Amino acid sequence: MKWVNKGESLLFPPSCFFCHASVSKSGCCKQCLQHIKPLLSPSCLRCGQALSEGLAPGPCGKCLRFPPFQIETVSLYAYQGAVREAILIWKLGGDDAGVRWLLETARQRLKTLFQPDDLFIPVPMPLSRMQKSGQHHAADLARLLAEAAGCEWDWQLLRRHGHQARQSALSGLARRKNLRKSFCLDADYLTSMQLKGILRKPVKGRVWVVDDIMTTGATLHYASKALGVLQQPIYAFSLARTLRDR
Ligand SMILES: [Zn+2]
Ligand SMILES: [Zn+2]
């Protein structure tokens, strides 16, 4: 129905998902595209930190001293420019069009990264905060990844206790302290999943702990550590990563 489409585009003219500039087709404008940095350069396999080609895949100096619990860390984009805008619009405004575009653009990479038997587990947020906001962005991300990769995801297995301060408000050392005992597996849930045969032990594919933004790496480290109960290697994934050092 051509006239309907025409009417729709008059009501909702196509715009850039990131800066809302008008464009001929909804998506990313040329200017925003210039500021989207996929993280593809050589890096430390363990923590994802960029390394020179000769030193990749690491381990890097930090991982030699204090290796993170996860055995591999992958982040899709640098948390800057349009990627930062897209994530903020999504988390604060509830519009996930930009984030979906970022995942769609990385579809090929996601296909090579994930296997159909993999399981995605979002970094949990305290239930009290989830109740208050009704939102769980890491879980939304895990669901979108699962849809893209044809994998399973589960947001109930890994839990977070207490009323921790927001990670973004804390320094590196305070983050670690805050997180050290925050995560645990829901033992009853795990047992019921195993009894139903939904969650096999060990999980056939790889277990990925998923977060939207990786800053110091402390959250992914402690969330992965709690998943160590599953007795298999844990992998970490984030949509974006700040380029500051850990
Ligand atoms: Zn734009
Ligand atoms: Zn490293």
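The values are calculated or read from the model by the stated rules, or taken from the named source; none is laboratory data. The shown structure was predicted, so the numbers you read here are calculated from the model rather than taken from an experiment. Every residue, glycine among them, receives a Cβ derived from its backbone with ideal geometry; neighbour counts consider all protein chains shown.
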Check your understanding: Failed condition for L39, given (1) of a type in the set (A, V, I, L, M); (2) under 13 Å from V99 (Cα atoms); (3) within 16 Å of ligand 2 (Cβ to nearest atom), with all others met?
Key -> (2)
Practice item. Test each condition in (1) modelled with pLDDT of 90 or more; (2) of a type outside the set (F, W, Y); (3) more than 21 Å from the chain's Cα centre (by Cα); (4) outside any loop (DSSP other than H, G, I, E, B) for K6 and report the one that comes out false. Key: (1)
Revision key, fill the gap. Flagged in the stretch 60-71 as within 10 Å of ligand 2 (Cβ to nearest atom) and buried (at least 17 other Cβ atoms within 10 Å of the Cβ), in numbering order, are C60, K62, C63, P68
**Study point:** Identity of the residue in the stretch 72-84, surrounded by 19 or more Cβ atoms within 10 Å (Cβ to Cβ) and either within 16 Å of ligand 2 (Cβ to nearest atom) or of a type outside the set (S, T, Y) (or both), that ends up nearest to G134 (Cα to Cα)
**Key:** V83
Study note, to complete from the structure: Inside the stretch 27-39, the number of residues satisfying the requirement of being touching a residue at least 40 places away in the same chain (Cβ under 8 Å) and in a loop (DSSP other than H, G, I, E, B) is 5
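With respect to L51, is the statement that it is farther than 20 Å from I213 by Cβ, within 16 Å of ligand 2 (Cβ to nearest atom), under 21 Å from the mean Cα position of the chain (by Cα) and among the hydrophobic types (A, V, I, L, M, F, W, C) true? Before the answer, list the steps.
Values: farther than 20 Å from I213 by Cβ: yes; within 16 Å of ligand 2 (Cβ to nearest atom): yes; under 21 Å from the mean Cα position of the chain (by Cα): no; among the hydrophobic types (A, V, I, L, M, F, W, C): yes.
Considered against the rule, which asks whether it is farther than 20 Å from I213 by Cβ, within 16 Å of ligand 2 (Cβ to nearest atom), under 21 Å from the mean Cα position of the chain (by Cα) and among the hydrophobic types (A, V, I, L, M, F, W, C), L51 comes out as no.
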Check your understanding: If we scan the stretch 132-149, do we find a residue that is modelled with pLDDT under 90 and closer than 21 Å to F69 by Cβ?
Key -> no
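State which residue is nearest to V123 (Cα to Cα) when the search covers only the stretch 135-149 and only residues that are surrounded by fewer than 17 Cβ atoms within 10 Å (Cβ to Cβ) and out of contact with any Lys or Arg (no Cβ under 9 Å at 6 or more places or on another chain). Explain how you work it out, then say what you get.
At the first step, the residues of the stretch 135-149 found to be surrounded by fewer than 17 Cβ atoms within 10 Å (Cβ to Cβ) are 135, 143, 147-148.
Narrowing the set further to residues that are out of contact with any Lys or Arg (no Cβ under 9 Å at 6 or more places or on another chain) leaves 143, 147.
Numbers: R143: 12, E147: 18 Å.
Here the residue is R143.
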Study note, to complete from the structure: Condition set polar (S, T, N, Q) and within 16 Å of ligand 1 (Cβ to nearest atom), scope the stretch 27-59, selection surrounded by the fewest Cβ atoms within 10 Å (Cβ to Cβ): answer is Q34
Check your understanding: Filtering the stretch 9-26 down to residues that are assigned to a loop (DSSP other than H, G, I, E, B), more than 9 Å from ligand 1 (Cβ to nearest atom) and out of contact with any Ser or Thr (no Cβ under 7 Å at 6 or more places or on another chain), which residue is modelled with the highest pLDDT?
Key -> S24
Point to revise | Qualifying positions in the stretch 92-129 - among the small types (G, A, S) and assigned to a helix (DSSP H, G or I) | key: G93, A97, G98, S128
